[in-house]
Every structure is written in C-alpha cells, then in structure tokens.
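The values are calculated or read from the model by the stated rules, or taken from the named source; none is laboratory data. Note that the structure is predicted; figures quoted are calculated from it, not measured. Quick reminder, even Gly has a Cβ in these numbers, built from the backbone with ideal geometry, and neighbours come from all protein chains shown. These area figures cover heavy atoms from the full protein model, side chains too; ligands, DNA and RNA do not enter into them. Shrake-Rupley method; radii C 1.70, N 1.55, O 1.52, S 1.80 Å.
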Amino acid sequence: MRKNFLRKASIVLLSATMLMATACNKEIEVKYDYNVNDYVQLGKYEDIAVTVDKTSIENQLIDDKIAEDIENNTTYSEVSRGAVDGDQILVTYVATSSGSQSTGLSNTDGVTMILGKDKLGLDIEELDQALYGMKAGETKVMVIDLPETYSNTVYAGTKVVFELTMQTVSQPNVPMLTNAYVKETFGYDTIEEYRQSIKESLETDINSKVENKIQEDVLSSLQDTFKISSYPDSLMEETRSRLETSIGFYADFSKLSKDEYCQKQYGLSFDDFVKKSATQQLIMEAIVKDRNMTMREYDYKGSLDDFAADNGYSNADTFVEKYGKDKIVKAMLVQKAQDYVIEHANISYK
C-alpha cells in the first residue's frame, strides 16, 4: 500500500513538473496590427552573394592606429609666425557682457589646442576662425551677438565682447615612419613587423568591422530583391519615435541636427534613414513569417540580458519596462531572421 502511494505521488509530481516545464517553454504569441504580406513581396533571402574587401578594412584600421601613434609621438616647437592648421596653440580669452566679466565664457588659465582639429569649446565659429594667423603675444577684440538659441542659455541673445590673447604658437615635428623610428619607439626592427603587431592587437576590431560590412552589404542586397508597396502607419510612427530618441541623443552630443548627423554617419537625411530602417524591419518580418520563426519563453528569458545589453541597457528589467515584452520579442525575431540571412549568405573575401 505504501509503495503504491509513493508511486502515485511520484507520477503526480512528475506530471506537475512536466506541466511547469511546458508552461515555462511555451511559444510566445506575437501580435501585429498589420499583415506584413500586404506590404512586402518576398524576394531572395538565401545564398545572397557579397564580397568583402577584408584587406582594405585591415589596412585602414592599421593606418589609423599608426596615425594615432605618430600623433602621440609628435613634438612641438615654438615659432614666431602666425598660427596655421596643425599648430599647437595656447590661447586665453576674457568675455565681457554689460560691462562685467562673464566668467562662464572666460578662460584666463588658457586652452591648449591643435588648430584645425580642436575648438575653443564656446560653440562660436567666429572665435575659432579668429585664431588663424595670430602670433604669440597678439590680442584680438571681437564683439559677438550670441543667438537666442546659444547653448549657454545665460548668455543667449546677448552681446558679448571677447578679448582673445595668443600665448604661444608651436609647430609640429611629425616623426617619419621609418625602420629607425619604429625600432627606437616601439622596439620593432621593421615597419612590417610594427604593422603586423598592430594587426594582431586589432584582431577583435577588424573582425567586428568585417562582420558589420557583411551585414551592411547583405541587407542592402535584400532591399534590392524585396519589393515594398507601402508602409504601415503604426510601423512608421514607432520607427520615427524610436530613432528620434536614439539619433537625437547622438546628434545632440555631437552638436548636430538629426539630419546633419544622419548625413555624416549614413549619407542619408533623417527621414530617409527612418524609411530605410522601416524597410529593413518589414523585410525581416516577412522572412520571420515565411520561415515560421517563433520565440519560446525559455529562449526569450535566456537571451534577454544579452539583448538588453546590446541595446544599451545594463538592467533587463528596465529594458522590459521601457519597451514591453511584445516589442522586445518582435525585435528578437527580427534579429533571428537577420542571423538566418547572414548564416545562409554566400560570402567571399578579397
């Protein structure tokens, strides 16, 4: 009797455990407010042929690192001539507004900067341009009408008198890339050994750049094979809202408009970038549907921390609170489709 009871109890417990496991790994229902097939005509998404110039990517990163090393080992010698691009200068400035010194716009300790590369930091182009041609000991007085949109709101819309004084002008002594230079500075016998060491140290960056180039070229090819008839209003609104936040953040940080930032980074206007992003999402959603891709609870939870981190969130709970589970699952499925396309692409290198 005791044995039968234990056996029945074990069966019940096992059944309950199996039910819990099944519930924890059930397929997540994803709801769309549009039918993607109404907007997208499927194209080829397997065996997409792309050729990536890995050698050029390697050489560019190596050359950039060498240029950085040369800059770090450049010395400067004071000269008596006027300042030109590439010179290292030390400049002080005093700002006066309504007869009183404006401490927020003054720097009597001085700013050391490379002319043509750095800025005074006042976001006033006229002052940066005025530094050209100035000699050590020379002073310039400029009257600037700051716009109402000036970044320092305390002085926005006011007239400010700036007194710029050039303290020193130093010309660069740029090292020549020779075997003697790399041996003395880095301990390598030849330039080739030096380049090889840089290549090895940049392996992770090189691989990342190559992967990004593969993704860029494959996605570009997809847009040529798929046909988009129109765009769901809800998708366009969501994409624009999301990009206004993310692109807006980086644009503000770079002191650029969203259009200027997108032109600089992607060669597109902000509106065109929104459309391109929506196009890519529609194409991936069409592939998700065509491949009948799904997301299960176990996979969702297992991927959530990494997916949140990839999207700039160190805390997954905050990420879910911000976007909601439904949007995150949709984004994971889009990523799943993108990974499928990349994995099934025909990639060659040169």
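Considering SER197, SER229, SER220, the condition of being of a type in the set (Ser, Thr, Tyr) and open to solvent by less than 60 Å² (accessible area, probe 1.4 Å) is satisfied by SER197 alone.
In segment 244-263, the qualifying residues are those that are of a type in the set (Ser, Thr, Tyr) and over 21 Å from GLY121 (Cα atoms), and the one that is surrounded by the fewest Cβ atoms within 10 Å (Cβ to Cβ) is THR245. Suppose the filter is more than 29 Å from the chain's Cα centre (by Cα), part of a helix (DSSP H, G or I) and modelled with pLDDT of 70 or more; does ASN4 pass it? Criteria not met by ASN4.
Pairing each residue of segment 187-199 that is under 14 Å from ASP63 (Cβ atoms) and part of a helix (DSSP H, G or I) with any residue that is modelled with pLDDT under 95 and open to solvent by 70 Å² or more (accessible area, probe 1.4 Å), provided the two are 6+ apart or on different chains, yields no C-beta distance under 6 Å. In segment 21-134, counting only strands (runs of 3 or more DSSP E) that sit wholly within it, the ones holding 2 or more residues that are open to solvent by less than 30 Å² (accessible area, probe 1.4 Å) span 49-52, 88-97, 107-114.
Identify, from the list ASP306, ASP317, ASP290, the residue that is surrounded by fewer than 16 Cβ atoms within 10 Å (Cβ to Cβ), within 24 Å of the chain's Cα centre (by Cα) and closer than 23 Å to LEU219 by Cβ.
Values: ASP317 fails: closer than 23 Å to LEU219 by Cβ; ASP290 fails: within 24 Å of the chain's Cα centre (by Cα).
Criteria check complete, one pass: ASP306.
Among the residues of segment 264-272, is any touching a strand residue (DSSP E or B) at 6+ places or on another chain (Cβ under 9 Å) and surrounded by 14 or more Cβ atoms within 10 Å (Cβ to Cβ)? Working first, answer last.
Within segment 264-272, the first condition is being touching a strand residue (DSSP E or B) at 6+ places or on another chain (Cβ under 9 Å), and the residues that meet it are none.
The answer is no; no qualifying residue exists.
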